[in-house]
């Protein structure tokens with residue numbers, strides 16, 4: 001596959017000067033990001049790497065981190081976690097209180113906020129040093145020690161995370177949060193504040209293109225079955241209530257974040273990360289969605 005030519009075609013077709021979409025403003029630190037930033041990195045299973053734009057610039061991965069915390073929980077506890085979570089698409093906003101109450105405190109899936117908060121609670125119970133252990137896990141997957149929390153973003157989320165506090169307290173009322181709300185949310189806010197570049201994200205998510213083994217070291221983190229489950233969740237739940245649209249346009253498992261990042265995998269082929277901070281009304285990157293649609297259209301290859 002001639003990826004250099006394909007990426008040049010994509011760069012020529014998308015309008016980097018477009019002004020559709022808005023940067024996430026409900027977390028003040030995210031509102032400071034230059035909305036015109038754009039980066040892409042494609043990491044292939046054969047070792048080839050290709051990039052565009054600001055692919056080495058770090059940004060807050062936000063909800064993309066939910067896939068990584070879920071992977072750590074599954075690697076430690078296996079299928080036991082599913083007694084507290086469901087695996088269905090939400091069809092509602094990612095921070096819906098109504099849906100959580102309607103379903104008696106069982107989050108619809110682990111990639112919406114309530115589900116990720118339950119995963120955070122599970123990890124707070126299971127890990128000796130939860131924040132350090134999560135960061136070490138992400139660094140291991142990414143093959144880099146230069147991956148950190150952004151403390152300013154974490155603090156900003158804490159100061160303005162009223163809906164997440166409401167979700168956590170509702171979970172507590174249904175006995176689906178076992179630790180202190182403040183402790184769990186401190187972990188959750190730090191998890192979302194992790195900063196990575198497109199290159200680091202693509203390298204990290206090769207795990208899900210490689211049947212649960214770290215690409216460079218071959219160390220197995222997840223079983224093949226666990227990897228299949230996580231890829232399936234990304235396919236059906238990775239884009240909040242726009243997961244169907246992403247599957248329709250792109251045809252790959254993936255996950256978005258309100259920091260403007262999107263990462264997607266083609267099992268056995270590659271992992272690709274895109275960053276563009278302007279978001280559509282569903283909270284997904286406008287140019288990120290278009291870029292990945294063009295990628296699978298021009299290569300003629302998706303999982304379908």
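The values are calculated or read from the model by the stated rules, or taken from the named source; none is laboratory data. If you're wondering where the values come from, they're calculated on a predicted model, not measured in any experiment. When we count neighbours, we look across all protein chains shown, and the Cβ atoms used for this are built from the backbone with ideal geometry, even at glycine.
So which residues in the range 237-252 are free of Cβ contacts under 8 Å to residues at least 60 places away in the same chain and surrounded by 18 or more Cβ atoms within 10 Å (Cβ to Cβ)?
Listed by number, the residues that qualify are 239, 242, 246, 247, 250, 251, 252.
Considering only residues that are touching a helix residue (DSSP H, G or I) at 6+ places or on another chain (Cβ under 6 Å) and not in a loop (DSSP other than H, G, I, E, B), which ones fall in the range 173-182?
181
Return the residues of the range 41-92 that are crowded, with 22+ Cβ neighbours inside 10 Å, farther than 26 Å from residue 229 by Cβ and more than 15 Å from the chain's Cα centre (by Cα); say none if nothing qualifies.
55
Return yes or no: is residue 203 modelled with pLDDT of 95 or more and closer than 17 Å to residue 74 by Cβ? Walk me through how you get there before you give the answer.
Numbers: modelled with pLDDT of 95 or more: yes; closer than 17 Å to residue 74 by Cβ: no.
Taking the combined requirement at face value, the residue does not satisfy it.
Being under 17 Å from residue 261 (Cα atoms), assigned to a strand (DSSP E or B), in contact (Cβ under 8 Å) with a residue 60 or more places away in the chain and in contact with a strand residue (DSSP E or B) (Cβ under 7 Å, 6 or more places away or on another chain) is the requirement here; does residue 24 meet it? First the steps, then the outcome.
Numbers: under 17 Å from residue 261 (Cα atoms): yes; assigned to a strand (DSSP E or B): no; in contact (Cβ under 8 Å) with a residue 60 or more places away in the chain: yes; in contact with a strand residue (DSSP E or B) (Cβ under 7 Å, 6 or more places away or on another chain): yes.
No; evaluated as a whole, the condition is false for this residue.
For the structure I just gave you, tell me whether residue 105 is in contact with a helix residue (DSSP H, G or I) (Cβ under 9 Å, 6 or more places away or on another chain), at pLDDT below 95 and either surrounded by fewer than 22 Cβ atoms within 10 Å (Cβ to Cβ) or over 19 Å from residue 201 (Cβ atoms) (or both).
Numbers: in contact with a helix residue (DSSP H, G or I) (Cβ under 9 Å, 6 or more places away or on another chain): yes; at pLDDT below 95: no; either surrounded by fewer than 22 Cβ atoms within 10 Å (Cβ to Cβ) or over 19 Å from residue 201 (Cβ atoms) (or both): yes.
No.
Considering only residues that are free of Cβ contacts under 8 Å to residues at least 60 places away in the same chain and in a loop (DSSP other than H, G, I, E, B), look in the range 69-87 and name the one that is farthest from residue 237 (Cα to Cα).
First, the residues of the range 69-87 that are free of Cβ contacts under 8 Å to residues at least 60 places away in the same chain: 73, 76-77, 79-83, 85-86.
Those left that are additionally in a loop (DSSP other than H, G, I, E, B): 85-86.
Numbers: 85: 13, 86: 11 Å.
Looking at the filtered set, the residue picked out is 85.
For the range 186-213, how many residues are in a helix (DSSP H, G or I) and within 26 Å of residue 52 (Cα to Cα)? It would help to see each step written out before you state the result.
Residues of the range 186-213 that are in a helix (DSSP H, G or I), as a first pass: 186-193, 198-204, 206-209.
From the residues that got through so far, the ones that are within 26 Å of residue 52 (Cα to Cα) too are 192-193, 198-204, 206-209.
Matching residues across the range 186-213 total 13.
For the range 93-106: of the residues being in contact (Cβ under 8 Å) with a residue 24 or more places away in the chain and part of a loop (DSSP other than H, G, I, E, B), which is nearest to the chain's Cα centre (by Cα)? Lay out the reasoning, then the answer.
Of all residues in the range 93-106, those in contact (Cβ under 8 Å) with a residue 24 or more places away in the chain come to 93-95, 97, 100-101, 104-106.
Subsequent filtering for residues that are part of a loop (DSSP other than H, G, I, E, B) retains 93-95, 104-106.
On the way: 93: 16, 94: 13, 95: 15, 104: 26, 105: 23, 106: 21 Å.
Here the residue is 94.
Kindly establish whether residue 57 is assigned to a loop (DSSP other than H, G, I, E, B) and under 30 Å from residue 210 (Cα atoms). Write out each step before concluding.
Values: assigned to a loop (DSSP other than H, G, I, E, B): yes; under 30 Å from residue 210 (Cα atoms): yes.
So residue 57 passes the test.
Tell me which residues, restricted to the range 278-300, are in contact with a helix residue (DSSP H, G or I) (Cβ under 9 Å, 6 or more places away or on another chain) and under 22 Å from residue 50 (Cβ atoms).
Passing the criteria: 285, 289, 290, 291, 292, 293, 294, 295, 296, 297, 298, 299.
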